[in-house]
Amino acid sequence: MNPLGWPGYEAQLGRARERSGGVESVSWRRHRDAVVITFDFRFLGGSVGTATGEVIEEAFTEARTARLPVVSRIATGGSRMQEGMLSLRQLQRVARLCAAHREVGLPHVSVLGDPTTGGLWASLGAGADVVIAVAGAQVGFAGSRVRPVDDPAYTAEGQFAAGTVDLVVRPDEVDATVARVLSLLTRGDAVPAEVPRALGASELPRDGWSAVSRARAPERPRAAAYLDDYFDVRMPISGDRAGGVDAGMLCGIGRRGERAIAFAAQTGTATTPAGFRTAARLIRLASRFALPVLTLVDTPGAANDVAAEKAGVGAAIAELFGAVAEARVPITTLVIGEGGSGGALALSSPEHTWITPDAYFSVIAPELAAAILKRDDVPQLADDLRLRPQDLVELGVVRGISER
């Protein structure tokens, strides 16, 4: 218990046990629906030593044996200084346990309490499938005694804004939120999602420019309306885990009747690299838990400004194409508005894509095609592109037109 021979460490452990009533900073318990790992900040600041690593390994082993999810309720200052590098190496141990749990298709949900800092945030916390943070909690790799400044970035809300946390909830909402997440993650059946019904116009456009104009109309139903109509309950998945969030890409898991279905939906804006990466993350998550995926396409195209290029928009689109191609679950796509170029195609199923009457799908927007081809007859060019729903069915690009 004192591998470095640290002066006074045994006495510190004794006082921590007396204060907390536990033998270590972490304990675990098997419940009916999950194995729950709980940190106690009263025990040397919830720090992690070699014995703590043993306890965490016991919990994950029990969960794999019983085929149960793991819920990690974290409150820690990080590694235990009194055990030096032997303490730090527990992060590798935790990462291996998380990876093994993912490999057998079992969910891991982390709850970030106040504080969650240091290596346990960078392993057990951020390494979970779904990350829930308690509102106002201090969350960050650097703890308060070692970071250069005090900044909102080191909070639950700051981490949510940076795309590393899925949900921020009040303390009294934690249990219900965890239960809802586990219920959705464990309902996968790998059966294709039904095609949503069309909510807008029912008649088909007479020409290409009419199709474009209707898709761009402000009154056309957007993704939020489709998701509200389709799902009974839904839970968001937020952020690309690389510092970015795109409010124009709605991702999550919803319940439709007794089924759980993952979704990624564009909201009509140009999709940023963070949006593509979040959608790719959602599809990979769905593949692990046999959740069918519904995608809603509605974008004029990928963001093409300087910021998008610097953030790797090409690589992000490639990542999403790859996630769709590698998906081990069925993906159903409905084009509900603008289907602009590769930014729309990346979110589309190669085999199971439908379209609504007030949408279009095109290699590029007609105006941009005109600029490339040096033509000024944009409406005629829209016809030439054959982007109407009925054209796309005839070409075999989409399987059919959704009806109201």
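Just so it is clear, none of the values below were taken in a lab; they were calculated from the coordinates. Source: prediction; values computed, not measured. Neighbour counts are summed over all protein chains in view; Cβ atoms, including those assigned to glycine, are modelled from backbone coordinates with ideal geometry.
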Show me, bin by bin at 5 Å from 0, the whole-percent P(r) of the range 9-185 based on Cα pairs. 1, 9, 18, 22, 21, 17, 9, 3, 0, 0
Given Cβ point charges of +1 (Lys, Arg) and -1 (Asp, Glu) and nothing else, what value in debye, to the nearest 20, does the dipole of the chain about its Cα centre take? 1060 debye
In the chain, if the dipole is taken from +1 on Lys/Arg beta carbons and -1 on Asp/Glu beta carbons about the Cα centre, which of 74, 85, 340 is farthest to the positive end? 85
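Which order results if 331, 372 are arranged by neighbouring Cβ count within 10 Å, fewest first?
372, 331
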What is the antiparallel percent of DSSP beta bridges lying wholly in the chain, to the nearest 5? 30 percent
Tilt of helix 90-103 relative to the longest C-alpha principal axis of the chain, in degrees (0 to 90, nearest 10)? 40 degrees
Residue by residue, what Karplus-based ³J(HN,Hα) values in Hz, rounded to whole numbers, does the range 284-296 have, using 6.51, -1.76 and 1.60 with θ = phi - 60° and x for Gly and Pro? 5, 4, 4, 4, 5, 10, 6, 8, x, 10, 10, 10, 10
Toward the positive end of the charge dipole of the range 9-185, about the Cα centre and with charges on Cβ (Lys, Arg +1; Asp, Glu -1), which of 122, 184, 12 goes farthest? 12
Among 370, 316, 303, the residue with the largest mean-square fluctuation in a Gaussian network model of the chain built from Cα contacts under 10 Å is 370
For the range 102-232, with only Lys/Arg (+1) and Asp/Glu (-1) charged at the beta-carbon, what is the dipole magnitude about the Cα centre, in debye rounded to 20? 360 debye
Label assignment, mean projected area of the Cα convex hull in nm² derived from the structure, set (1) 19.6; (2) 21.5; (3) 22.7: (2)
Pick from 323, 126, 307: which is most flexible by mean-square fluctuation in a GNM of the chain where alpha carbon atoms under 10 Å apart are linked? 307
Fraction of beta bridges assigned by DSSP in the range 182-310 that are antiparallel (%, nearest 5): 70 percent
Determine the gain in length on full extension of the stretch residue 61-residue 374; use 0.36 nm per residue of separation and subtract their C-alpha separation, reporting nm with one decimal. 106.2 nm
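Using the Cα centre as the reference, give the magnitude of the dipole from point charges on the C-beta atoms of the range 208-401 (Lys, Arg: +1; Asp, Glu: -1; all else neutral), rounded to the nearest 20 debye.
Details: 20 positive and 22 negative charges, 135 e Å.
Rounded to the nearest 20 debye, it is 640 debye.
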Assuming R0 = 51 Å, can you tell me the calculated FRET efficiency for the pair residue 12 and residue 307, based on Cβ-Cβ distance, to the nearest 0.05? 0.55
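Test of understanding: ordering 28, 6, 354, 121 by Cβ neighbours within 10 Å, fewest first, what list do you get?
Values: 28 18, 6 14, 354 23, 121 26.
Neighbour counts put them in this order, fewest first: 6, 28, 354, 121.
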Using Cβ counts within 10 Å as a stand-in for footprinting exposure, how do 394, 157 rank, fewest first? 394, 157
Let me have the 222 nm mean residue ellipticity of the chain computed from DSSP H runs of 4+ only, each contributing -39500 (n - 2.57), with the sum over all residues rounded to the nearest 500. -10500 deg cm²/dmol
